[in-house]
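To start, the structure itself, in structure tokens.
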Amino acid sequence: MVSITSSRVESLASSGIQSIPKEYVRPEEELTSIGNVFEEEKKEGPQVPTIDIKDIASDDKEVRAKAIETLKKAAMEWGVMHLVNHGIPDELTTRVKNAGATFFELPIEEKEKYANDQASGKIQGYGSRLANNASGQLEWEDYFFHLAYPEDKRDLSVWPQTPSDYVPATSEYAKELRSLATKIMSALSLALGLEEDRLEKEVGGIEELLLQMKINYYPKCPQPELALGVEAHTDVSALTFILHNMVPGLQLFYEGKWVTAKCVPNSIIMHIGDTLTILSNGKYKSILHRGLVNKEKVRISWAVFCEPPKHSIILKPLPELVSESEPAEFPPRTFAQHIEYKLFRKTQELQAAPASKE
């Protein structure tokens, strides 16, 4: 147990170290773009769009059409947005955040009772990122990961029992998010000229779309200018919904520059993932993003990834969106094959030129 505990970033952060171990230091090429997140958040320039969700379900056809067009524009240009008036009660999102934060306040020995074991395939539970890339680099984060929905596929034995509100709050939130995902995918389908339920069907529908919860815990970092909470990546999901504790950190690679997302109260951040990028034949954007850390404040985010089943569906550009002038940009793959492809490509890139994302 000692070796596992000592690998936790929280243990490192609370040990009083003044400099971070070399495996957490980003490559030289990346360091030039890592700034103080609080200063970065204040910068002027392009901003992540804010989308008001209430009009998407309006009975007024004109109001609804305009709202769908606004969502479409954000999905095509940014692929990430702050959702406001999303219909999930603030009281519930507060409960979810309180429950997750309380779990991470437990002594590490308590949290270790929920430790995952990636080597044996037990991916649900409490963990820290293993060095699974060619450079052997680590990210400045611990996390808690589990399947949240559908209810019949959950394994509640891996969910935290402390605090007592974790299971009820997270269960209710997952159910609310599932409805929100339907609402968003319906609007995104209509925006492409498709039947309203088309995208949802293509990612597994009510029965098979999985909602995976990942609570990311980014401890204070003594040298935040050298580290990343999470390295640059695009999400493989169809959609990702994110709550956070109002500490900035999310950065988006937009028009050749890293843009820091501002904190918008009572919003949920939503990413378009690779799955919808593939189905839309590249029309909807899966944006490269990463997470900065800081010296002063712990950052926590609650990400829920809406994922198609791994093997039973073939993801490919929808035939209605493919033409001679717009040929298919992606070959047919299962979700599992897409993940493998990304890991293989990343390994190849790192071996050829470390941190070539910058």
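The values are calculated or read from the model by the stated rules, or taken from the named source; none is laboratory data. Model, not experiment: these values are computed from the prediction. Counting neighbours? That spans all protein chains shown, and the Cβs are built from the backbone with ideal geometry, glycine included.
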**OP:** Could you check, for region 184-193, whether at least one of its residues is touching a strand residue (DSSP E or B) at 6+ places or on another chain (Cβ under 7 Å) and either at pLDDT 95 or above or in a strand (DSSP E or B) (or both)?
**Re:** yes
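Listed residues Leu192, Leu199, Leu180, Leu156; which is of a type outside the set (Ser, Thr, Tyr) and within 21 Å of His311 (Cβ to Cβ)?
Within the list Leu192, Leu199, Leu180, Leu156, the selection yields Leu199.
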Original post:
Looking at region 81-88, is at least one residue surrounded by fewer than 14 Cβ atoms within 10 Å (Cβ to Cβ) and closer than 23 Å to Tyr254 by Cβ?
Top reply: no
Original post:
In region 5-60, which residues are under 24 Å from the mean Cα position of the chain (by Cα), in a loop (DSSP other than H, G, I, E, B) and β-branched (Val, Ile, Thr)?
Top reply: Val25, Ile34, Val48, Ile53
Subject >> Members of region 177-200 found to be under 24 Å from the mean Cα position of the chain (by Cα) and on the phi > 0 side of the Ramachandran plot, listed by number >> reply: none
